[in-house]
1. Would you mind counting up the charge near M69? Only other residues with Cβ under 11 Å from its Cβ, with Lys and Arg at +1 and Asp and Glu at -1.
2. Within the set of other residues whose C-beta is less than 12 Å from the C-beta of R21, count the net charge using Lys and Arg as +1 and Asp and Glu as -1.
3. Please state, as a whole number in µm²/s, the translational diffusion coefficient that the Stokes-Einstein equation yields for segment 1-65 at 25 °C and 0.890 mPa s, with Rh defined as the Kirkwood radius across alpha carbon pairs.
Amino acid sequence: MTLNRDIYPNLKLRLYTTGIRQNRLARMLGIHEASLSRIMNGFREPTGDIRVHLAEILQSDPDWLFYKMQVSDDVAFSDNHVAFHQ
């Protein structure tokens, strides 16, 4: 079974470069850490308010921050490689 999902590589990059931990960011956003994790890993689409608030906290352009890249999990698990599709 193929699971295609969109991830936000720039969001992960920005979170890493700011040094903000995911649990702290979730508290700043007023959402559960599990909800933020689902957004970051492409299992949930962020609402407009969450997008704006994330961009403000991370001091980033929302269009850049939420650039999507598609990941196909069937390749990741069967070949130990991740396939990226745009």
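1. Details: positive: R5, K12, K68; negative: D6.
Residues near M69 contribute +2 overall.
2. Details: positive: R24, R27; negative: E33.
Local charge sum for R21: +1.
3. Working: Rh = 12.0 Å.
Value of D from the Cα-based Kirkwood radius: 204 µm²/s.
Read the figures in this text as sums done on the coordinates, not as results from a lab. Because the structure is predicted, anything quoted here is derived from the model rather than measured. For neighbour counting, all protein chains shown are included, and Cβ atoms are generated from backbone atoms with ideal geometry for every residue, glycine included.
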